[in-house]
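Here the structure comes first, spelled out in structure tokens, and everything after it is commentary.
Please treat every number below as a calculation from the coordinates, not as lab data. Keep in mind the model is a prediction, meaning the values are calculated, not measured. Note that each Cβ is placed from the backbone with ideal geometry, even for glycine, and that neighbours are counted across all protein chains shown.
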Amino acid sequence: MPPSITGRDLRGSVAIVGVAESNRIGIRPDASALTLHAEAAKNALADAGLGIGDVDGLFTAGVTSVQLGEYLGIVPRYSDGTSVGGCSFIIHVEHAMLALEAGIIKVALITHGESGRSRIGGTGAGHRGIPPDSPQGQFEAPFGTMGPPTLFSLPATRHMHQYGTTREQMAEVAVSTRRWAAMHPMAMMKEPITVEDVMASRPVCWPYSLFMCCLVTDAGGAVVMTRADMAKQLARSPVYVLGTGEGTEHNMVSMMADMTSSQAARLSGKAAFDMAGVSHAEIDVAQLYDAFAFTPMLALEDLGFVAPGESGPFVEGGRTGPGGDFPMNTNGGGLSYTHSGMYGMFTLIELTRQLRGEAGDRQVPDANVGIAHGPGGMFSAAGTLIAGNASAL
Amino acid sequence: MLQRCNACGQAYYYPRPICPHCMSDDVHWFQASGKGLVYSFVICHRSQPGFEVPYVIAVVELEEGPRMMTNLVGIEPDPELIKCDSPVEVVYDDVTSDITLPKFRPVEQGQP
């Protein structure tokens, strides 16, 4: 047997050197999905002090790398179109790390762009529909399951049954996240809300009410990565990749082996923590994809921050909000900042800003190590990044 | 009807010619009991073609082991009335002349 590979040698070998959103996010009837990709790519490269001509590795989801390469006018040496839902871009960080460290590429560009609200450009998750002869078309869709609000909520109900998790606890997540959004200049929803407001908002799909569901917006985002040696020569303080993980499980949520725990997330989180060699107590800030209020709660359990079933009591009392002892989704999350469809990109952008110390009013003090994590599909896949600034190396 | 693998003995859903547990292609169809337990459910308030809101989407764990997506019928769409792990039985909904969907209704407590 060859020695097992843990990835520890890769810790700190590459860094995030540029991040940005598209020029504006929220409601963008003026921009196609590809335009949102391109704006974000231009802005993230400018943030890094690099140009499009430096890019030799292209990573994207929702559109193909050839659609994007044509639009950007580049011919990348290497591309990766892994597209397993919202966590795809977090997974791309792992794939970019491997290509950078193998010496195949020097500059990786990861982009996201989705016209989720205005539906311009016909690309992105949910635009293609479900073929009626696919497994999902035959065995889920005929029961009126179309869309995340119905499918993503099934695990929440099982968790409530098994552990006594309450809708009020889910509402706490929405309230804390909104308080962070109030401090983000690009956030869509900033007005303070209470648990009572969340509970009283209109029912979408029980157990979720409207304020427990993510926004539907138009937005782009991009990340630029290089090897650590090159990162030190660039414009911004590098944010080093300490650990990465990914996992894929089912496609249909009805095939999820245990609706109270995602195998993909457990696999992904463990791999990232093993590679990073950090403890949970060392995580200063967490960006956990919040498609719905319960989504990050399950991540808290699957990543090992709390024991199975304990995320409900954990999020009570504003713990994940500003001033709480577990700052989570400090950009305002998919619930209040933006959610164009595949939100995972924005966990990377905010984690980077926090670890650079440039998050303005919402900056978490002494944020040196942090985690970005998300599911893809209906808890179908997962991606995890643990990153740190120079003090974490 | 469900499928069962002759090699590993496990029943599975959805249908496919290769067993998802052991990859054997030695599988057969058998008559299922039509009984199960509610594994999880949601109550959808968003209108969908062919459905009158609110309606209940559920995953039922069949007596034979596999789980399947379905709808609960014959019960009010009220979260106070529907319980996970409560017994249900199949009822067939002839949606069109070609397509029949297996849906589930509550089994009265004490009934066999």
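Each Lys or Arg adds one and each Asp or Glu takes one away; over the other residues whose Cβ falls under 14 Å from the Cβ of B:G9, this sums to -1. Ordering A:A307, A:F143, A:V223 by Cα displacement along the dipole of the protein assembly as shown toward the positive end leaves A:V223 in first place; charges were set at the Cβ atoms of Lys, Arg (+1) and Asp, Glu (-1). Shape class for the stretch A:296-393: rounded, because the ratio a/c of the largest to smallest gyration tensor axis (alpha-carbon atoms, square roots of eigenvalues) is under 1.5. Please check: in the Gaussian network model of chain A (C-alpha springs, under 10 Å), which one of A:T157, A:T330, A:T111 has the largest mean-square fluctuation. Highest fluctuation of the listed residues: A:T157.
When the Gaussian network model of chain A links Cα atoms closer than 10 Å, the mean-square fluctuations of A:G51, A:G318, A:G81 top out at A:G51. Which one, B:S47, B:S24, B:S97, has the greatest fluctuation when you compute a Gaussian network model over chain B with C-alpha springs under 10 angstrom? Looking only at B:S47, B:S24, B:S97, the largest GNM fluctuation is found for B:S97.
Toward the positive end of the charge dipole of the protein assembly as shown, with +1 on the Cβ of Lys and Arg and -1 on the Cβ of Asp and Glu, the farthest Cα among A:I349, A:G57, A:H250 is that of A:G57. Around A:I193, what is the net charge, scoring Lys/Arg as +1 and Asp/Glu as -1 over all other residues with Cβ under 12 Å from its Cβ? With Lys, Arg at +1 and Asp, Glu at -1, the net is -1.
Proximity of backbone amide H atoms, modeled 1.01 Å from N, is registered between B:Y55 and B:C44 at under 5 Å, excluding neighbours fewer than 5 places apart on the same chain.
About its Cα centre, the dipole of the stretch B:35-106 is roughly 140 debye, where the only charges are +1 on Lys and Arg Cβ and -1 on Asp and Glu Cβ.
Each Lys and Arg contributes +1 and each Asp and Glu -1, all at the Cβ; summed about the Cα centre of the stretch A:94-194, the dipole is approximately 300 debye.
What dipole magnitude, in Debye to the nearest 20, does the protein assembly as shown give about its Cα centre under +1 on Lys/Arg Cβ and -1 on Asp/Glu Cβ?
I would put it at about 920 debye.
Cross-link reach is defined here as a Cα-Cα straight distance under 22 Å, omitting same-chain residues fewer than 8 places apart; for A:K106 the lysines meeting it are A:K42, A:K232. Legend: helices of chain A (whole DSSP H runs) are marked when their alpha-carbon atoms reach 18 angstrom or more along the helix axis and their mean Kyte-Doolittle hydropathy is at least 0.5; marked are A:88-101. Dividing the mean sequence gap of close Cα pairs (under 8 Å, 6+ apart) by how many residues chain A holds gives a relative contact order of 26 percent. Taking a sphere under 15 Å around the Cβ of A:C213 and counting the other residues whose Cβ falls inside, with K and R at +1 and D and E at -1, yields a net charge of +3.
Ordering A:L393, A:N43, A:G86 by the projection of their Cα atoms onto the charge dipole of the protein assembly as shown, which places +1 on the Cβ of Lys and Arg and -1 on the Cβ of Asp and Glu, puts A:N43 at the extreme positive end. Short-range pairs are left out: with C-alpha atoms under 8 Å and at least six residues apart, the relative contact order of the stretch B:35-106 is 31 percent.
If each DSSP helix of 4+ residues adds -39,500 (n - 2.57) and the sum is divided by the residues in the protein assembly as shown, what number results at 222 nm, nearest 500 deg cm²/dmol? Could the numbers behind the result be given before it?
Values: 13 runs with 122 residues, N = 505.
Calculated at 222 nm, the ellipticity per residue is -7000 deg cm²/dmol.
Note on B:T100 and A:E196: the model spin-label points, each 7 Å out from Cα along the C-beta direction, lie 5.3 nm apart. Pairs of Cα atoms nearer than 8 Å and 6+ residues apart set the relative contact order; for the stretch A:85-190 it is 10 percent.
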